[in-house]
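The values are calculated or read from the model by the stated rules, or taken from the named source; none is laboratory data. Worth saying up front: this structure is predicted, and the values here are computed from it rather than measured. No Cβ is skipped: glycine too gets one built from the backbone with ideal geometry, and neighbour counts run over all protein chains shown. SASA here: full protein model, heavy atoms, side chains in, ligands and nucleic acids out. Shrake-Rupley method; radii C 1.70, N 1.55, O 1.52, S 1.80 Å.
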Amino acid sequence: HCSIDIFISSGINAEYGGHKVCLVDLDSNILEQSTARINKSLSRVAKKKFGEGADGAKEFVESTMGAISTATSAAEVIGETDLVIEAIVENLSVKHRLFKELDSIAPQNVIFASNTSSLGIGEIAEVTTRKDRFGGLHFFNPVPVMKLLEVIKTDDTSAETLASLLAFGKAMGKVTVECSDTPGFIVNRLLVPMMSEAVKMLERGVASAKDIDTAMKLGAGHPMGPFQLADYVGLDTTLFIMNGWHEKFPEVEMFTPPEGLRKLVEEGKLGAKSGEGFYKY
């Protein structure tokens, strides 16, 4: 497990209303940090939901936290699990090792899902014997706030599995959209090439980063312009996604990473998290 996944993992767990959830990580310190973050997030939700009703807010937080447990080994809990959602590092070989192990110990009825944003669901599932019970559940940051959930089906995903994943998302209060297993699914397939093209426009001297962002916010109604968004996501993450797509589909021009993006990442300018990207923070 990589610490980059704490936020999204804990966010997903905070959203699992009505379900018993076990958060699994090899590092007990990460589990402690994640549960503390979930508790803090729930407290904010409770304050908005109950206002000055302290008793109701307390009961809401306690009952929700009571449905969340933790473990440092999936083998300890997978026997009583209906659905496994993986949210580890975006590395295919690491995901393969995890799912191969889980597949060998999980009961046949257990559905597997990945929260990957850049890898193919079918590619991840290929090491398992349950390709019909494998799909994608792509959440968006921050998970408690963002309503969208992309539900991904492969050529092998059964209709029953897809229906279960859609029902699970709706039970969480998410707006679900169904998508085939394609690079970037729906949102990232449109956003990442847009960010790339914005960088290429900047390189050609078409307009400044600030003016391109302003144009997309006021002209297209986007909450963030492409440069703000790239800085928020992380320029290294954006480049990683584009490199993966370009390697797999070299003939697709829109997947070719712009040199300006590569240069910033090489200089350690990764966006908001490093203090500088296309903007300074």
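Does F255 meet the test of being crowded, with 16+ Cβ neighbours inside 10 Å and within 24 Å of L92 (Cα to Cα)?
Working: crowded, with 16+ Cβ neighbours inside 10 Å: yes; within 24 Å of L92 (Cα to Cα): yes.
For F255, the condition - crowded, with 16+ Cβ neighbours inside 10 Å and within 24 Å of L92 (Cα to Cα) - is met.
What is the number of the single condition among (1) open to solvent by 30 Å² or more (accessible area, probe 1.4 Å); (2) within 17 Å of the chain's Cα centre (by Cα); (3) among the charged types (D, E, K, R) that K174 does not meet?
Among (1) open to solvent by 30 Å² or more (accessible area, probe 1.4 Å); (2) within 17 Å of the chain's Cα centre (by Cα); (3) among the charged types (D, E, K, R), the lone unmet condition for K174 is (1).
From the list K273, K248, K280, which one is surrounded by fewer than 17 Cβ atoms within 10 Å (Cβ to Cβ) and modelled with pLDDT under 95? Show your work before the answer.
On the way: K273 fails: modelled with pLDDT under 95; K280 fails: modelled with pLDDT under 95.
Result of the check over K273, K248, K280: K248.
Kindly evaluate M224 against the criterion of being touching an Asp or Glu at 6+ places or on another chain (Cβ under 8 Å), of a type outside the set (S, T, N, Q) and surrounded by 13 or more Cβ atoms within 10 Å (Cβ to Cβ). Give the derivation first.
Values: touching an Asp or Glu at 6+ places or on another chain (Cβ under 8 Å): yes; of a type outside the set (S, T, N, Q): yes; surrounded by 13 or more Cβ atoms within 10 Å (Cβ to Cβ): yes.
Judged against the criteria, M224 is a match.
Would you check if V143 is closer than 30 Å to K40 by Cα and open to solvent by 60 Å² or more (accessible area, probe 1.4 Å)?
Values: closer than 30 Å to K40 by Cα: yes; open to solvent by 60 Å² or more (accessible area, probe 1.4 Å): no.
No.
If you check I78, I85, I68, I38, which single one turns out to be buried (at least 16 other Cβ atoms within 10 Å of the Cβ), of a type in the set (A, V, I, L, M, F, W, C) and touching a Lys or Arg at 6+ places or on another chain (Cβ under 9 Å)? Quick ask: steps written out before the conclusion?
On the way: I78 fails: touching a Lys or Arg at 6+ places or on another chain (Cβ under 9 Å); I85 fails: touching a Lys or Arg at 6+ places or on another chain (Cβ under 9 Å); I38 fails: touching a Lys or Arg at 6+ places or on another chain (Cβ under 9 Å).
After ruling out the rest, the residue left standing is I68.
Confirm whether I124 is open to solvent by less than 10 Å² (accessible area, probe 1.4 Å), part of a helix (DSSP H, G or I) and within 24 Å of T237 (Cβ to Cβ). Before the answer, list the steps.
On the way: open to solvent by less than 10 Å² (accessible area, probe 1.4 Å): yes; part of a helix (DSSP H, G or I): yes; within 24 Å of T237 (Cβ to Cβ): yes.
When the stated conditions are applied, I124 passes them.
Go through the range 75-109 and give me each residue that's of a type in the set (A, V, I, L, M), at pLDDT 90 or above and under 21 Å from the mean Cα position of the chain (by Cα).
L83, V84, I85, A87, I88, L92, V94, L98, L102
From the set of residues in the range 250-265 that are out of contact with any helix residue (DSSP H, G or I) (no Cβ under 9 Å at 6 or more places or on another chain) and part of a loop (DSSP other than H, G, I, E, B), which is nearest to T116 (Cα to Cα)? Spell out the reasoning first.
Here is the first cut: in the range 250-265, the ones out of contact with any helix residue (DSSP H, G or I) (no Cβ under 9 Å at 6 or more places or on another chain) are 250-251, 253, 263.
Going one step further and asking which of them are part of a loop (DSSP other than H, G, I, E, B), we end up with 250-251.
Working: P250: 21, E251: 23 Å.
Ranking the candidates gives P250 first.
So if I check each of S104, S117, which one is within 24 Å of S34 (Cα to Cα), open to solvent by 20 Å² or more (accessible area, probe 1.4 Å) and of a type in the set (S, T, N, Q)? It would help to see each step written out before you state the result.
Values: S104 fails: within 24 Å of S34 (Cα to Cα).
Every option except S117 fails the conditions.
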